[in-house]
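Colleague: Provided herewith is a single structure, encoded as structure tokens, for subsequent inquiry.
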């Protein structure tokens, strides 16, 4: 009987103990921030979390102390949630507490509460242990520590030194410095920074991780390639801190090309044209060099700086030069004067420009009349209006069959400013009655050509019994005329009456 009671009591005690063990809570305490500079006051958030088990009703936080029991961190302005009350414990003759106590209605399973305080760090760097204890509603305690670090202040911002001006493509130096929130250079900074710029063509450093030997300061090389106001940005993505530099005015580089504007313009005599000369550097930056450009003299008008006054009709070449670069355009000057009204409206001008004579021309009869079945001759003259001799000048005919036209000589050399005649025989078949147009084409070894047309009129054949070609008839008339002259001379001179 006694043995049974003892066993029952043991089992009951084990069950109660197991119940108590299962009810014991687990907790954690964190402080944010947990790193700051020496002798620096920070607003710190203390977070208490119930990770499971019974409700937490009490939190005790012990401040790290010196060996002679003086608090290393100075606690002020403690804040407490409305569900809690707060008290502190100080040692004799000490102003700052070494313990903070919060009594709460309960932090339930899986929930947290935030407490706050203004805390000033020690004057010596190092790692410091804070002890904490949480007590649940069954008066079961759970303890742990949280570490804070004192050293240099955490990264707060960067500074970037850049030049106020630069030239496109020129490399210059920049200096990047890391600062803590105490406004001192953070000589222990070992973060990684990246670079970006307003200039899409800029030559920037690759991502860089600061080394302890950099002591928070590093010099980099940069080049802007686009003209204008440019800047760059340094960013530490991990810390979420970035800095944009001041503006650098980037000037264009040396000119490698120039252009003139307006191009191929047409104006009236007396009208003015203002020209601009734009240069480009090797990076494509454009800049105005009109004031530094030189404009060549022109017989068609006069210059006043970059303004040209048209004075003569014709097509003139406008030439500008800058830094050994030359550019040109045409200006067509026509008769008349520009309308005075609506000067902003575009003026459509068709200038009267003296035509330059063709270098080769043909002199060809306009009309040639031939009866069917007969032939006729004509003279074609090739005129060389140029300053150079022409060789191998040939004449070909188009518009009629090739056997209708014969040209003598086949080829000629025509001297400069001279001319040569060609004999052309045109033969019309007896069955052809329709008039034609013959196009004569002259060509030379130098590639110069000229064309001229003749209307070939084919008239009806004579109705007499005998028909002769026109040139045969002409030849007959000439023979008869010569014979008549001979007979008349014979009678007058050789048959004089004899003297008695």
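Colleague: Take residue 165 and residue 375, extend 7 Å from each Cα along the Cα→Cβ direction, and tell me the distance between the two endpoints in nm.
Modeller: 8.7 nm
Colleague: I would also like to ask the following. Give the distance, in whole Å, between the Cα centre of region 212-267 and the Cα centre of region 117-189.
Modeller: Here the answer is 32 Å between Cα centres.
Colleague: Using label points projected 7 Å from each Cα along Cα→Cβ, tell me how many nm separate residue 257 and residue 366, to one decimal.
Modeller: 5.4 nm
Colleague: Let me ask something else about it. Give me the one-decimal Kirkwood hydrodynamic radius in Å for region 264-334, with the sum taken over alpha-carbon pairs.
Modeller: 12.7 Å is the Kirkwood radius here.
Colleague: May I ask you to compute the full-extension gain from residue 124 to residue 291, defined as 0.36 nm times their residue separation minus their alpha-carbon distance, rounded to one decimal in nm?
Modeller: Taking 0.36 nm per residue and subtracting the Cα distance, the gain is 53.4 nm.
Colleague: With contacts defined as alpha carbon pairs under 8 Å and 6 or more residues apart, what's the relative contact order of region 38-151 in percent?
Modeller: Relative contact order comes out at 38 percent.
Colleague: Want the number for residue 217 to residue 276: 0.36 nm per residue separation, take away the alpha-carbon distance, what's left?
Modeller: Gain on extension, residue 217 to residue 276, equals 16.5 nm.
Colleague: Still on this structure, I have one more. For residue 307 and residue 416 in the same chain, what is the full-extension length gain: residue separation times 0.36 nm, less their Cα-Cα distance, in nm?
Modeller: So the extension gain works out to 35.2 nm.
Colleague: Among 378, 31, what is the fewest-to-most ranking by other Cβ atoms within 10 Å?
Modeller: Sorted ascending by nearby Cβ count, the order is 378, 31.
Colleague: Calculated FRET efficiency, residue 244 and residue 324, Cβ-Cβ r, R0 51 Å, to nearest 0.05?
Modeller: So, using R0 = 51 Å, E works out to roughly 0.80.
Colleague: Between the alpha-carbon centers of region 403-452 and region 356-392, tell me the distance in whole angstrom.
Modeller: Comparing the Cα centres of region 403-452 and region 356-392, I get a distance of 6 Å.
Colleague: What FRET efficiency comes out for residue 86 versus residue 188 if R0 is 25 angstrom and r is the Cβ-Cβ distance? Round to the nearest 0.05.
Modeller: It comes out at approximately 0.10.
Colleague: How high is the FRET efficiency between residue 317 and residue 389 when r is their beta carbon distance and R₀ equals 35 Å, given to the nearest 0.05?
Modeller: Using R0 = 35 Å, I get an efficiency of 0.75.
A short reminder: the numbers here are calculations on the coordinates, not readings from a lab. Predicted, not measured: the structure shown is a model, and the values here were computed from it. FYI the Cβ positions are ideal-geometry reconstructions off the backbone, even for glycines, and counts take in every protein chain you see.
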